[in-house]
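Data first, discussion second: the structure below is written as structure tokens.
The values are calculated or read from the model by the stated rules, or taken from the named source; none is laboratory data. Only a predicted model underlies this, so the values are computations on that prediction, with no experimental measurement involved. Reconstructed Cβ throughout: ideal geometry from the backbone, glycine too, with neighbour counts over all protein chains shown.
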């Protein structure tokens with residue numbers, strides 16, 4: 001009789017353990033699938049944002065008052081006036097114009113490091129973020145897209161960071 005009770009206790013414990021393992025692995029797989037989906041979505045949005053920046057925008061001679069689509073280039077050359085306009089537009093409005101829900105930051109680099117946009121800004125994007133504290137915000141996911149452009153008469157890398 002004691003052996004039968006012991007056997008039932010073991011079977012009951014194994015059943016509970018098996019159910020717990022199934023729930024754990026099911027939740028873990030769902031979490032990984034969600035992370036992959038998020039990264040794929042972010043990669044797509046980062047590509048679209050960089051494509052938008054590489055266009056002239058709409059209308060072609062847009063400014064802060066009439067911009068529909070933000071674009072900075074003409075023949076892969078950065079239009080510094082449009083870059084200044086981008087810096088003047090409120091950040092959340094730029095996210096709407098770029099059609100992204102993620103935070104972004106844009107910098108220009110060459111062999112010597114970051115090429116400052118002007119005397120006060122090294123880049124454009126989320127307020128309070130710069131190239132040295134971007135990772136301090138501890139993003140869950142971070143995408144980096146690099147495009148080559150002519151900026152201030154020299155070849156530069158336009159680096160677009162997108163994070164969640």
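Taking the condition touching a helix residue (DSSP H, G or I) at 6+ places or on another chain (Cβ under 7 Å) and within 14 Å of residue 50 (Cα to Cα), does residue 143 pass?
Numbers: touching a helix residue (DSSP H, G or I) at 6+ places or on another chain (Cβ under 7 Å): yes; within 14 Å of residue 50 (Cα to Cα): yes.
Considered against the rule, which asks whether it is touching a helix residue (DSSP H, G or I) at 6+ places or on another chain (Cβ under 7 Å) and within 14 Å of residue 50 (Cα to Cα), residue 143 comes out as yes.
Only one of (1) under 19 Å from residue 74 (Cβ atoms); (2) touching a residue at least 24 places away in the same chain (Cβ under 8 Å); (3) surrounded by fewer than 16 Cβ atoms within 10 Å (Cβ to Cβ) is not met by residue 118, so which one is it?
(1)
Modelled with pLDDT of 90 or more, in a strand (DSSP E or B), over 18 Å from the mean Cα position of the chain (by Cα) and crowded, with 16+ Cβ neighbours inside 10 Å - does that describe any residue in region 135-153?
There is at least one residue in region 135-153 that is modelled with pLDDT of 90 or more, in a strand (DSSP E or B), over 18 Å from the mean Cα position of the chain (by Cα) and crowded, with 16+ Cβ neighbours inside 10 Å.
Hey, can you tell me all the residues within region 63-80 that are exposed (fewer than 12 other Cβ atoms within 10 Å of the Cβ) and more than 22 Å from the chain's Cα centre (by Cα)? Before you say what the answer is, go through the steps one by one.
First, the residues of region 63-80 that are exposed (fewer than 12 other Cβ atoms within 10 Å of the Cβ): 65-66, 68, 75.
Answer for region 63-80, where residues must be exposed (fewer than 12 other Cβ atoms within 10 Å of the Cβ) and more than 22 Å from the chain's Cα centre (by Cα): 65, 66, 75.
Could you tell me how many of the residues in region 32-62 are part of a loop (DSSP other than H, G, I, E, B) and surrounded by 14 or more Cβ atoms within 10 Å (Cβ to Cβ)? First the steps, then the outcome.
Taking region 32-62 and keeping what is part of a loop (DSSP other than H, G, I, E, B), we get 54-57, 59-62.
Right, trim to surrounded by 14 or more Cβ atoms within 10 Å (Cβ to Cβ) and you get 54-57, 62.
So the answer is 5.
Return a yes/no flag: does region 101-115 have any residue that is within 21 Å of residue 40 (Cα to Cα), exposed (fewer than 15 other Cβ atoms within 10 Å of the Cβ) and at pLDDT below 90.
Step one: filter region 101-115 for residues within 21 Å of residue 40 (Cα to Cα), giving 101-106.
Next, from what is left, pick out any that are exposed (fewer than 15 other Cβ atoms within 10 Å of the Cβ): 101.
With at pLDDT below 90 added as a condition, the list becomes none.
No, there is no match, as no residue in region 101-115 is within 21 Å of residue 40 (Cα to Cα), exposed (fewer than 15 other Cβ atoms within 10 Å of the Cβ) and at pLDDT below 90.
Pairs only if they're at least six apart or on different chains, beta carbon under 8 angstrom, first in region 124-137 and in contact (Cβ under 8 Å) with a residue 40 or more places away in the chain, second surrounded by 15 or more Cβ atoms within 10 Å (Cβ to Cβ) and outside any loop (DSSP other than H, G, I, E, B); list them, first residue then second.
Listed by first residue and then by second, the contacts come to 124/83; 124/86; 124/87; 124/105; 124/106.
Of the numbered conditions (1) part of a strand (DSSP E or B); (2) surrounded by 18 or more Cβ atoms within 10 Å (Cβ to Cβ), residue 94 fails exactly one; give the number of that condition.
(1)
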